[in-house]
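Novice: Supplied in structure tokens, the structure appears directly below.
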């Protein structure tokens, strides 16, 4: 399937900024389930872009903007061809062994409620793969999906307690639960043609990958209660949302910033 | 003191003390106490004037204090130092090889020498720097190795410090004070000089530069600021070496290169000796809530345009849980047995070790695996029953966070205290530098002394002091 993506991020500052430095993880890579045909990052002001990789093997782009500047608009456009696949991921860049992804972080550390949920749902399930599948469905049923972007820095435990989750929250709860069940799990940011945010255009998508020993990494999308297929474009991974976030930035200057995001994911060739 | 070995007087019952240091014993006996005290006070006045102060965490009035200085030196002979330096060189070589491996091919894990989970799930293992290639594969350019001694030839490594070890300014200032106040001791003993340390450090910084920096790399020292407890040392080193002392706000990253803002424009920086923890280096890659840090620094580092001393991520080599594997790590990379042994260590994450620890709390020292500065530890023999029981509960709740070690009969050195000259326990932290052609050492280090009678805790934050460490060019006093 051919999927085109147009992802615009606009920061507007109430006061001019002396400098803006941003880290983008917005460039997908080829793997067994996707080929990137064409990809570009454009900025609407004087800026230097530097491409590199981060520790997880994601493509990173540093963006250095000279001031004074009162807004920055970043347009990421591209196309990928995706393939239906079954079984574990193939051809992904792996710089770290699965065991690292057992490590809980401040955002994913499970509380007693999550632990109890895990033992209740899959305590009796022996097969690791079945355990992950069971958790994914159970979380999908348990968490009411909240559209759009989530408030920053909500932990998995907080989201689980409230019972209402953004895609980001759902992914982090799934990670917390999978790791609590002894399964390495990681955060994936990317795009989905038929995801929950595709109509409101307000955000990209995110999901989870769980490692099953001797088999490999499997995708799980707890906000949709399914496994990712050919409607998904995988972009970046990390231990939690904070280290695989598409865009993080710092600015030098006062005032407040306003953020506007528009994501269009469409089938077929872009116009 | 419970039969502890005294480095000057020997074991209790050894009579007149170690003959090679007889002139020092005589000096101590003949020097009027008032004169010793006068000199000690003169040294402390000098330190106060220089501003060698530190702040103690967790105290209401965060007074700037000076670390108490003791006028009686500790002495190591040339033979003792030769063995120590061989051991230090071997250990620090292994630390660097381990870091390069653990952030690269991870052969040591593939070969089953250390548990994968212990290394990679350790919070000090930083996935952010996986795949980084610091020049010459040196990660820990400056290590402080904490040694303790229990007998004439029994030195043990208590702790490795591979992040940003501090205290070297005391090594240098204590020597200055001793030369000025006790010149006669330098007639008695041929003491090897330590003042080449700063040149060696400068050379270490320059030689760590990326190849692209060319022949005259720009080096800076990065401090969190004047409220940091070791700020004096940061400014002292920058002054002595002749490099800029900068705070994060003085640096900016542009085009994956680091620049220092100056009044005449910006200057490209090639080497940063940072005295800031990993967490606060770069808010884009590490702690996003950090207001400190230089945004983009890690990108510049990963791109190979700047060197960071020590490299981010070195904490995984000095973590106390990894420490217990150091003998295997040394053997794995150096191909020979460690010259300097570890102190026996029980990993409380292992059920049997935990049981042993719980059964013997009153005899053991229990430490946080990721703690430092003497915080969050239990010294069994000097703790009350109530303290032990309180600690027991903490240990049972989170055993994986602790290790336990036997209480060693640490060596003592005569020390001037209120009651006169009396033995006090000491440790020793030599500073080990690594350059492309190998490990470099100055003959010296920081001797910390526990000023309270019987105390084994030498940390300055816990009431410890310092004294000069004489390394001799020969086997004893000139006059013997």
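Novice: For a test of the definition: using alpha carbon positions, the gyration tensor, and the 1.5 limit on a/c, classify the range A:62-115 as rounded, prolate or oblate. Could you put the intermediate results ahead of the total?
Specialist: Working: a/c = 2.48, a/b = 1.34, b/c = 1.85.
Oblate is the answer for the range A:62-115, as a/c is 1.5 or above yet b/c matches or exceeds a/b.
Novice: While we're here: Length gain on complete extension for the stretch residue A:215 to residue A:111, per 0.36 nm per residue less the alpha carbon to alpha carbon distance? Each step should come with its number before you reach the end.
Specialist: On the way: separation 104, 0.36 × 104 = 37.44 nm, distance 2.90 nm.
Using 0.36 nm per residue and subtracting the Cα-Cα distance, I get 34.5 nm.
Novice: Same structure, new question: Note down the nm distance, to one decimal, between modelled labels 7 Å out along Cα→Cβ at residue B:78 and at residue A:230.
Specialist: 8.0
Novice: Name the shape class, rounded, prolate or oblate, that the alpha-carbon gyration tensor gives for the range A:84-243, where a ≥ b ≥ c are the square roots of its eigenvalues, rounded holds for a/c under 1.5, and otherwise prolate holds if a/b is larger than b/c and oblate otherwise. Don't skip to the answer; put the middle values down first.
Specialist: Details: a/c = 1.39, a/b = 1.05, b/c = 1.32.
It is rounded, given that a/c, with a ≥ b ≥ c, falls under 1.5.
Novice: If you don't mind, there's one more thing I want to ask. Under the rule of -39500 (n - 2.57) per DSSP H run of 4 or more residues, summed and divided by the residues of chain A, what mean residue ellipticity at 222 nm is obtained, to the nearest 500 deg cm²/dmol? Don't jump to the answer; show the numbers that get you there.
Specialist: On the way: 4 runs with 47 residues, N = 271.
Helix contribution divided over all residues of chain A: -5500 deg cm²/dmol.
Novice: Now, a different point. Can you work out the PRE-style zone for residue B:337? Point 7 Å along Cα to Cβ, and I want the residues of the range B:142-164 with backbone N under 15 Å.
Specialist: B:154-155
Novice: 7 Å from Cα along Cα→Cβ at both residue B:187 and residue A:258: what's the point-to-point distance in nm?
Specialist: 8.2
Novice: On a 0 to 90 degree scale, rounded to 10, what angle separates helix A:167-180 from the longest Cα axis of chain A?
Specialist: The helix A:167-180 is inclined about 40 degrees to chain A.
Novice: Continuing with the same structure: May I have the pair-distance distribution P(r) for the protein assembly as shown, computed from all Cα-Cα distances with 20 Å bins from 0 and rounded to whole percent?
Specialist: 15, 44, 30, 9, 1
Novice: As an exercise, use a Förster radius of 35 Å and the Cβ-Cβ distance of residue B:418 and residue B:360 to find the FRET efficiency, rounded to the nearest 0.05.
Specialist: On the way: r = 34 Å, r/R0 = 0.96.
It comes to 0.55.
Novice: How would you classify chain A from its alpha-carbon gyration tensor, with a ≥ b ≥ c the square roots of the eigenvalues: rounded for a/c under 1.5, else prolate if a/b is greater than b/c, otherwise oblate? The partial results should precede the final answer.
Specialist: Working: a/c = 1.87, a/b = 1.49, b/c = 1.26.
It comes out prolate by the Cα gyration axes.
Novice: Apply 1/(1 + (r/R0)^6) to the Cβ-Cβ distance of residue A:200 and residue B:216, taking R0 = 45 Å, and write down the FRET efficiency to the nearest 0.05. Before the final figure, lay out the partial values.
Specialist: Numbers: r = 56 Å, r/R0 = 1.25.
The value I calculate is 0.20.
Novice: Let me ask something else. How long is the gain from residue B:247 to residue B:350 if the chain were fully straight, where each residue apart is worth 0.36 nm and the alpha carbon distance is subtracted?
Specialist: Details: separation 103, 0.36 × 103 = 37.08 nm, distance 4.25 nm.
Length gained between residue B:247 and residue B:350: 32.8 nm.
Novice: Next question. When the convex hull of the C-alpha atoms of chain B is computed, what volume per residue in Å³ does it have?
Specialist: Working: hull volume 76.2 nm³, N = 480.
Looking at chain B, the number lands at 159 Å³ per residue.
Novice: Measure nothing but the geometry: give the 0 to 90° angle between the long axis through the Cα atoms of A:112-122 and the longest principal axis through the Cα atoms of chain A, rounded to 10°.
Specialist: 60
Novice: Now a separate question. Measuring from centroid to centroid over Cα atoms, what is the spacing of the range A:53-74 and the range B:214-246 in Å?
Specialist: 29
Novice: Given the Cα-Cα distance of residue B:49 and residue B:473 and 0.36 nm per residue of separation, how much length would full extension add, in nm? Please report the intermediate quantities before stating the final value.
Specialist: On the way: separation 424, 0.36 × 424 = 152.64 nm, distance 3.20 nm.
Here the answer is 149.4 nm.
Novice: Can you give me the distance in nm between label points at residue B:30 and residue B:65, each placed 7 Å from the Cα along the Cα-to-Cβ direction?
Specialist: 3.7
Values in this text are rule-based calculations from the coordinates and carry no lab data. Keep in mind that what you see is a predicted model, and the values were worked out from it rather than measured. Backbone-built Cβ (ideal geometry, glycine too); neighbour counts: all protein chains shown.
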